[in-house]
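S.K.: My questions all concern the structure below.
The values are calculated or read from the model by the stated rules, or taken from the named source; none is laboratory data. Bear in mind that the values here come from a model prediction, so they are computed numbers and not experimental data. Heads up, the Cβs are rebuilt from the backbone with ideal geometry, glycines too, and the neighbour counts pull from every protein chain shown. Note: areas computed on protein heavy atoms with side chains; ligands, DNA, RNA excluded. Shrake-Rupley method; radii C 1.70, N 1.55, O 1.52, S 1.80 Å.
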Amino acid sequence: MATPHTIAVAGKGGVGKTTTCGMMIDYLCKKGQGPLLVVDADANSNLNEVLGVEVDTTLGDIREEMAQAELKGTVPAGMTKADYAEFKFNSALIEEDDFDMIVMGRTQGKGCYCYVNGVLKTQVDKYAKNYRYVVMDNEAGLEHVARGTLPHVDTMLLISDCSRRGVQAVARIAEMIKDMELNPGRMGLIINRAPGGVLEDGVREEIEKHGLTLFGVLPQDDAIYLCDCNGDPSAKLPDSNPVKVALKNIMQSIGL
């Protein structure tokens, strides 16, 4: 299979980044673009809940389990530590009909994230070639992209709410991407939760001031709010949902 198209999603917490990412995954699956590899690389994320997927184990969980096995000497007889690690980490791949998913999760103790970041990179490298798309939901700091977890980002989507401060925050992320010389194939901004789907002039001015490319605007939507309140997967809202319609138009306009 050809090299997958990689999409990285970033933005500060609380702007609807993960919800947007989940709806984008749903769009790509329904368009027949599977199989997708979905990487939840935000330790605080809940992408699985947005998608309606049960997560039994994360890379962070396995890291702790392996540390305990080494400590207690319970690594199975006849298996090297490397074999045991390979076996356990393979079990972290969640398989759905149109996409597979790896969840980084949290770890305990100091310095553990470096280890799990390394494991995440190894797993993505191993699996990525089997998929048409790799979609990664990142924390605002883009640590995983900076560490080379994705070999190259084809499409970088920056998500902000419809406030000037939100745009300023996402502009700092864009500056970080430039400073780290990540050189994504293309990078653009999606503004989320705009009342009536309309962008105020002041926010548009802020976007232009920072030289950001605006891919599109998503409206504020009560159905998504209710999904969040009730713990329902917002990615499974009807395709007629106004946010889904707007996101579909954005995706089509950028050729995805």
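S.K.: Can you find a residue in region 87-109 that is over 27 Å from residue 25 (Cβ atoms) and among the hydroxyl-bearing types (Ser, Thr, Tyr)?
M.R.: No.
S.K.: Something else: Looking only at region 50-61, decide whether some residue is touching a helix residue (DSSP H, G or I) at 6+ places or on another chain (Cβ under 7 Å), in a helix (DSSP H, G or I) and closer than 22 Å to residue 174 by Cβ.
M.R.: no
S.K.: Separate question: Within region 232-241, is there a residue that is out of contact with any strand residue (DSSP E or B) (no Cβ under 9 Å at 6 or more places or on another chain) and under 19 Å from residue 155 (Cβ atoms)?
M.R.: The answer is yes; a qualifying residue exists.
S.K.: Within region 6-35, track down each residue that is farther than 28 Å from residue 168 by Cα and out of contact with any helix residue (DSSP H, G or I) (no Cβ under 6 Å at 6 or more places or on another chain).
M.R.: Those that are farther than 28 Å from residue 168 by Cα and out of contact with any helix residue (DSSP H, G or I) (no Cβ under 6 Å at 6 or more places or on another chain): 28, 29, 30, 31, 32, 33, 34, 35.
S.K.: Right, next: Can you tell me how many residues within region 223-256 are over 20 Å from the mean Cα position of the chain (by Cα) and not in a helix (DSSP H, G or I)?
M.R.: Selection size over region 223-256: 4.
S.K.: Being assigned to a strand (DSSP E or B), within 13 Å of residue 20 (Cβ to Cβ) and either free of Cβ contacts under 8 Å to residues at least 60 places away in the same chain or open to solvent by 10 Å² or more (accessible area, probe 1.4 Å) (or both) is the filter here, so list the residues in region 207-222 that pass it.
M.R.: Residues satisfying the conditions are 215, 216, 217, 219.
S.K.: Among the residues of region 199-206, are any under 30 Å from residue 53 (Cα atoms) and part of a helix (DSSP H, G or I)?
M.R.: No: region 199-206 contains no residue that is under 30 Å from residue 53 (Cα atoms) and part of a helix (DSSP H, G or I).
S.K.: Can you name every residue in region 122-136 that is crowded, with 17+ Cβ neighbours inside 10 Å and not in a strand (DSSP E or B)?
M.R.: 123, 124, 127, 128, 131
S.K.: Given the criteria modelled with pLDDT under 95, open to solvent by 40 Å² or more (accessible area, probe 1.4 Å), closer than 17 Å to residue 21 by Cβ and in contact with a Gly (Cβ under 9 Å, 6 or more places away or on another chain), does residue 232 qualify?
M.R.: Judged against the criteria, residue 232 is a match.
S.K.: Those residues that are within 11 Å of the chain's Cα centre (by Cα), in a loop (DSSP other than H, G, I, E, B) and crowded, with 19+ Cβ neighbours inside 10 Å, I need them from region 1-46; list them, please.
M.R.: Residues satisfying the conditions are 11, 41, 42, 45.
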